[in-house]
Amino acid sequence: MARVCPTLLYRDAQTAITQLTEAFGFAKGAVYEGEDGMVLHAELTYGDGVVMLGSKGRGGVFDAAMGDGPAGVYVTVEDPDAHVERARQAGVEILREPTDQDYGSRDYMARDAEGNVWTFGTYAPGR
């Protein structure tokens, strides 16, 4: 079975894990840390999906290739209006309030603490 898993690097991966779990409702799957506390690899789940993340500055090809640019991730949720309220209560920057789209989705857009853009909506790619 093939699976697509977004992978993000954060300057402060521990804070990112806290924000993604508390504000967006992800659950910790696995978190592996180095002796210095850097997140070597983490997997956060949401329904059947998973996002992998780690700490920036560890070196290596992936770290260099990611650079400083933000990434965008789309997550399917059943109730964007309830989801945005959870994010708002956690202090997340909301870029676009829940909006009905021409293609049938209702979604909103938010920015995490390090600038990555997250869209949460009812559109289910591939269905």
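Readers should treat all values here as calculations from the given coordinates under stated rules, not as data from a laboratory. Quick caveat, the model's predicted, so the values are computed rather than measured. With ideal geometry, Cβ positions are generated from the backbone for all residues, glycine too; neighbour counts draw on all protein chains shown.
Observations
- Search result, residues across the range 89-127 that are free of Cβ contacts under 8 Å to residues at least 24 places away in the same chain, of a type outside the set (D, E, K, R) and assigned to a strand (DSSP E or B): 94, 95, 98, 99, 109
- Scanning the range 1-22 for residues that are under 22 Å from residue 34 (Cα atoms) and among the basic types (Lys, Arg) returns a single hit, 11.
- Each residue in the range 30-71 was checked for being in a strand (DSSP E or B) and either on the phi > 0 side of the Ramachandran plot or in contact (Cβ under 8 Å) with a residue 12 or more places away in the chain (or both), and 17 of them qualify.
- Selection of first residues in the range 4-22 that are in contact (Cβ under 8 Å) with a residue 60 or more places away in the chain and of second residues that are basic (Lys, Arg) and not in a helix (DSSP H, G or I), restricted to Cβ pairs under 6 Å at least 6 apart or on distinct chains, gives the following pairs, ordered by first then second residue: 11/56.
- Check on residue 23, under 13 Å from the mean Cα position of the chain (by Cα), more than 16 Å from residue 55 (Cβ to Cβ) and surrounded by fewer than 16 Cβ atoms within 10 Å (Cβ to Cβ): no
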